[in-house]
Amino acid sequence: MILHHLMARHLFVVSLLILSLVFNSCTAHSWRNNSSLDDMGPRCEPSSHPFGLCKTRAAAFGYPCEDHMVTTEDGYILSLKRIPHGVSKTENTTRIPVLLFHGLMVDSVSWVLGTPKQSLGFILADGGFDVWFANTRGTNSSRNHTSLTPDDPEYWNWTWDQLAAYDLPAVLQHVYDHTGGQKVHYIGHSLGTLIILAAFSEHRLLHLVRSAVLLCPIAYLYKTKSKLTRLATQILLAEAFHFLGYREFNPVGPVSHEILLIICGDPEIDCYDLFTAVMGPDCCLNASTVCNFLQHATQSTSIKNLIHMSQMIRYEGVRRYDYGNAKENMKHYNQPRPPLYNLSSIPTHVPMFLTHGGQDFLGDVPDTRHLLNTLVRTHDSDNMEVLYVPDYAHADFVIGYNAPQLVYGPMVDFLQRH
């Protein structure tokens, strides 16, 4: 343990030295001068206006759409969108509510970036569901707070622990209350899977949820295949930026540019295909949808949240945020190490549909199998369905052009059975 802390401290100092060179040297910017974030994906035509789920995407295809606001117990004011039915409404039909919860550094527009026949949000609305879309704190439509602004460092003092403890229950309760007390089908992608598993492991929200769909679950990250993500974790890059006073991470902002400048010095990191470097080699994305994603779906998160995610890669297990020393952990948790989320304690009666891909770098196969072994070992066989798509990477499950056939069809069948 002592050796581990000494090594971590050494890597932290190295990161600070690298950052000081980056910020103060004009001659070390060759990559920065010859490239930009626009080069990290396909060549995209500039967009004249931002996408909005209701005003831009839903309205363009004739879908009704509502804006709701939800305030969490810790004061964050979240935007919640709703498509109550498809373009053709069937009268006197009770629609089961579905809540879509997005992944890390995106927002709810990611569910409707394609056409109505490609986008999960529209497919569910046309399939007879009452569809709700969450937006976590810090995203463009959820940046308000009862007493703080995004310019306040305290505004960004959260990780996915708080998303599971505050954002998720506030949004689920709102949907439940506004749909006549009906239990909600939950669909999460990436980080959206982690927070519902964390809540279930503590036997929370079970009274609100009818079933849970996990797209690319990322509960375990210890064996992630992303060299870029692993390198940033190993050199404690997020910790170094936090130490220097940065609190917000915008994936298309100046902090991310400086991070890329550091990471891209490694010859094994392909910085001209960041989509693949982070999420894996997707098989089934078309250029227009990727451009929509890069230009409109990317959103801010907290540096502290990235530290928490890094801790999950560095150490096995799913734990609460580690404050870095026994004294601080005792102050927050009354124990020297952060508590584990015991995923094996998730009640066995909760219907779950879990799907993952063979090319996913984040929800990689070994870590996902670890999760499956944890859940399936005790789960009721009638309430657990697993779908493996060998060619899919992380993004294919949300914006893949053939996802409706490979993933959404079986998923809707599962929802209708439960």
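Some points to look at:
- Solvent-accessible surface (1.4 Å probe) assigned to residue 147 amounts to roughly 90 Å².
- Region 43-417 - Debye-derived log10 I(q)/I(0), Cα point model, q = 0.06, 0.10, 0.13 Å⁻¹: -0.20, -0.60, -1.08
- Top positive-direction residue, dipole computed over region 303-395 with Cβ charges, set 390, 353, 311: 311
- Accessible area of region 43-417 belonging to carbon and sulfur atoms, whole % at 1.4 Å probe: 51
- Count Lys and Arg as plus one, Asp and Glu as minus one, and take only other residues whose Cβ is under 11 Å from that of residue 355; the net charge is then -3.
- Across region 386-392, rounded Karplus estimates of 3J(HN,Hα) from the backbone phi angles (6.51 cos²θ - 1.76 cosθ + 1.60, θ = phi - 60°) give 10, 10, 10, 10, x, 8, 7 Hz, Gly and Pro being marked x.
- Formal net charge of residues neighbouring residue 283 (Cβ-Cβ distance under 12 Å; K, R +1; D, E -1): -4
- Each residue of region 323-335 is assigned a 3J(HN,Hα), and the resulting list reads 7, x, 7, 4, 4, 5, 5, 4, 4, 8, 10, 6, 7 Hz, derived from the Karplus form 6.51 cos²θ - 1.76 cosθ + 1.60 (θ = phi - 60°), x at Gly and Pro.
- Using the Cβ of residue 246 as centre and a radius below 15 Å, the other residues enclosed give a net charge of -4, where K and R count +1 and D and E count -1.
- Ordering 188, 275, 206 by Cα displacement along the dipole of region 160-276 toward the positive end leaves 206 in first place; charges were set at the Cβ atoms of Lys, Arg (+1) and Asp, Glu (-1).
- Loop-located chymotrypsin sites (Phe, Trp or Tyr not before Pro) across region 203-305 with a Cβ neighbour count of 15 or fewer within 10 Å are 222, 272, with loop assigned by DSSP.
- Cα-based helix-to-principal-axis angle, 2-24 vs the chain, degrees rounded to 10: 80
- Folded to 0 to 90 degrees: helix 303-314 orientation relative to the chain principal axis, Cα: 90
- Between helix 254-263 and the chain: long-axis angle, C-alpha atoms, 0 to 90°, nearest 10: 60
- Where only DSSP H runs of four or more residues are counted, the chain gives -9500 deg cm²/dmol as its mean residue ellipticity at 222 nm, each run worth -39500 (n - 2.57).
- When region 79-234 is described by a simple charge dipole with +1 on each Lys and Arg Cβ and -1 on each Asp and Glu Cβ, the residue from 168, 136, 220 located farthest towards its positive end is 220.
- P(r) tail, region 104-220: Cα-Cα pairs separated by more than 16 Å, 65% of all pairs.
- The charge dipole of the chain, taken about its Cα centre with unit charges on the Cβ atoms of Lys, Arg (+1), Asp and Glu (-1) only, comes to about 500 debye.
- Surface accessible to a 1.4 Å probe, per residue, for the residues of the chain, Å²: 43
- 3J(HN,Hα) couplings calculated from phi for region 227-236 with the Karplus curve 6.51 cos²θ - 1.76 cosθ + 1.60 (θ = phi - 60°) are, in sequence order, 5, 4, 5, 5, 5, 4, 5, 5, 9, 6 Hz; Gly and Pro show x.
- Largest first, the three principal axis extents of the alpha carbons in region 164-208 are 28, 20, 16 Å in whole numbers.
- Whole-percent pair-distance distribution, where bins are 5 Å wide, for the alpha carbons of region 288-402: 2, 9, 14, 15, 17, 18, 13, 8, 3, 1, 0
The values are calculated or read from the model by the stated rules, or taken from the named source; none is laboratory data. None of these values were measured; they are calculated from a predicted model. All Cβ positions, even for glycine, are placed from backbone atoms using ideal geometry, and neighbour counts span all protein chains on display. These accessible areas exclude ligands, DNA and RNA; they are computed on the full protein's heavy atoms, side chains included. Shrake-Rupley method; radii C 1.70, N 1.55, O 1.52, S 1.80 Å.
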